[in-house]
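So the structure is just underneath, and the comments pick up after that.
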Amino acid sequence: MRGPSTETAIPVGKYLATLREYIETSGAAWVEGELSQHKSSRGHWYFTIADESSALKCVMWKSRTQYVGFTPEPGQLLRVYGSPTVYPKYGNLQFDVRRVERRHTTGELQKRFLELHRKLAQDGLFDESKKVPLPAIPQRIGVVTSGEGAALQDILRILRDRFPIAEVILAPVRVQGPSAAPDITHAIEQLNRLTATRRPDVLIVGRGGGSLEDLWAFNEETVARAIFASKIPVISAVGHETDTTIADFVADVRAATPTHAAQTIVPELSSLVWNIQGYTQQMHQTVISRISRLRQQIIQVTESYTFNTPINRVRDAQQTLTNYVDLLNEVLNSRIQTSRHQVELLNGKITALNPRRYLTRGYVRLERGGKVVRFSRELDTRDRVSIHFVDGCREAVISD
């Protein structure tokens, strides 16, 4: 038989502390499973999620459970976000949960969708007679979407390219999860409460594509009623063209995608300027033609026998003619001047927004990955960048 081991043993507490430190370095993750057990104590939740082969004990502290918005029930499919840890007192592995979400089956969601659709239809929220047209040329555009999503970047890019003189008012919200519907509802209501000088002329409410559950915030009754109550016209832009939400039925206009929404609400500035110039020319020709017809009519009258018999009537008519011509010339010159001034203002704005204007003055435009770099903190060592000059582009690498 062997004698006692001479190796130094590690105390249980120290070993579990080391094990805990090692496990916690694995980082946070989303885990999905069916709730099998759930217990609440002093606001803390202790529960277990499982699948066909394994089970995971979880804990969620009171400081986080109070913001969940629902109480988990056995049999529910949950997605939890957190990190693993070891409870030293008993040596148990448990999952420290920071966020928890319910997962619904497609059948359950479709049933809820149809029930709410019937209810809101009966309440008149889908009536075409209550929808209002979008403004032809909005000066301020409100956008209710995620502040970090690709949908926002698509909207801003289209608005900047088509109509850069419009002001964009962003109301960043969560567009997925339990807090999304309250966020969206609050944002719509807050934008409607702005003063007339700050209130947007139109609202884009939406997000990028996703599953039915991902888009579910736009199927909530609170969001639908906020859109219906909005004094500002609303265009919904949720998901892809094949996605349909309750928000689409309630909104004044439904866009297939966020990009399509931006294209719908603003005209192209260049086309607008061209139309103004065309209308100005057309108005000028119309006024000139009318003056010519009036002059011809007056000449015919003044040359008639009846008109020329009393000399005083002739003089009066000549004076009247002069007055009409002067008045018409004043009106014509005033309208032409006003139209020219409007065209000059628009051309000035277009010129001021032209990025090549600054390149001719010795400035350069720095881009990384096709995006303009505005701050030095956006660049890391060895980043490849493009330097745009007035006569071309050169590539460079950031060294320090």
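The values are calculated or read from the model by the stated rules, or taken from the named source; none is laboratory data. Just so it is clear, the structure is predicted and the values come from calculations on it, not from any experiment. Neighbour counts are summed over all protein chains in view; Cβ atoms, including those assigned to glycine, are modelled from backbone coordinates with ideal geometry. Accessible surface areas use protein heavy atoms only, side chains included; no ligands, DNA or RNA. Shrake-Rupley method; radii C 1.70, N 1.55, O 1.52, S 1.80 Å.
Structure values in brief
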{"read-out": "Given (1) in contact (Cβ under 8 Å) with a residue 40 or more places away in the chain; (2) open to solvent by less than 90 Å² (accessible area, probe 1.4 Å); (3) over 30 Å from residue 244 (Cβ atoms), index of the condition residue 93 fails", "value": "(2)"}
{"read-out": "Count of residues meeting criterion [buried (at least 22 other Cβ atoms within 10 Å of the Cβ) and within 18 Å of residue 64 (Cβ to Cβ)] in the stretch 177-188", "value": "0"}
{"read-out": "Test: residue in the stretch 67-87 that is out of contact with any Ser or Thr (no Cβ under 9 Å at 6 or more places or on another chain), open to solvent by 30 Å² or more (accessible area, probe 1.4 Å), farther than 27 Å from residue 216 by Cα and not aliphatic (A, V, I, L, M)", "value": "yes"}
{"read-out": "Selection status of residue 281, under 30 Å from residue 324 (Cα atoms) and open to solvent by 10 Å² or more (accessible area, probe 1.4 Å)", "value": "yes"}
{"read-out": "Residues of the stretch 123-148 satisfying the condition of being open to solvent by 80 Å² or more (accessible area, probe 1.4 Å) and in a loop (DSSP other than H, G, I, E, B)", "value": "133, 136, 139, 148"}
{"read-out": "Any hit, the stretch 342-355, residues being modelled with pLDDT under 80 and touching a strand residue (DSSP E or B) at 6+ places or on another chain (Cβ under 9 Å)", "value": "yes"}
{"read-out": "Out of 226, 251, 261, sole residue that is among the hydrophobic types (A, V, I, L, M, F, W, C), within 23 Å of residue 161 (Cβ to Cβ) and crowded, with 23+ Cβ neighbours inside 10 Å", "value": "261"}
{"read-out": "Within the stretch 1-24, considering residues that are of a type in the set (S, T, N, Q) and either modelled with pLDDT of 75 or more or in contact with a strand residue (DSSP E or B) (Cβ under 8 Å, 6 or more places away or on another chain) (or both), the one nearest to residue 86 (Cα to Cα)", "value": "18"}
{"read-out": "Test for residue 334: is it modelled with pLDDT of 80 or more, among the polar types (S, T, N, Q) and outside any loop (DSSP other than H, G, I, E, B)", "value": "yes"}
{"read-out": "Subset of the stretch 25-47 [modelled with pLDDT under 80 and either within 22 Å of residue 76 (Cα to Cα) or open to solvent by 80 Å² or more (accessible area, probe 1.4 Å) (or both)]", "value": "25, 26"}
{"read-out": "The stretch 374-395, residues that are at pLDDT 80 or above and open to solvent by less than 80 Å² (accessible area, probe 1.4 Å)", "value": "378, 379, 383, 385, 386, 387, 388, 392, 393"}
{"read-out": "Qualifying residue in the stretch 62-71 (condition: over 18 Å from residue 177 (Cβ atoms), of a type outside the set (Gly, Ala, Ser) and out of contact with any Lys or Arg (no Cβ under 8 Å at 6 or more places or on another chain))", "value": "no"}
{"read-out": "Flag if residue 82 is touching a Cys at 6+ places or on another chain (Cβ under 8 Å) and within 19 Å of residue 101 (Cβ to Cβ)", "value": "yes"}
{"read-out": "Which listed residue is assigned to a loop (DSSP other than H, G, I, E, B) and in contact (Cβ under 8 Å) with a residue 40 or more places away in the chain, from 33, 27, 13", "value": "27"}
{"read-out": "Residue match in the stretch 269-285 (condition: in contact with a helix residue (DSSP H, G or I) (Cβ under 9 Å, 6 or more places away or on another chain) and at pLDDT 85 or above)", "value": "no"}
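Every residue, every condition in (1) open to solvent by 60 Å² or more (accessible area, probe 1.4 Å); (2) at pLDDT below 95; (3) outside any loop (DSSP other than H, G, I, E, B); (4) touching a Gly at 6+ places or on another chain (Cβ under 6 Å), yes or no:
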residue: 159; (1), (2), (3), (4): no, yes, yes, no
residue: 175; (1), (2), (3), (4): no, yes, no, no
residue: 190; (1), (2), (3), (4): yes, no, yes, no
residue: 203; (1), (2), (3), (4): no, no, yes, yes
residue: 209; (1), (2), (3), (4): no, yes, no, yes
residue: 213; (1), (2), (3), (4): no, yes, no, no
residue: 237; (1), (2), (3), (4): no, yes, yes, yes
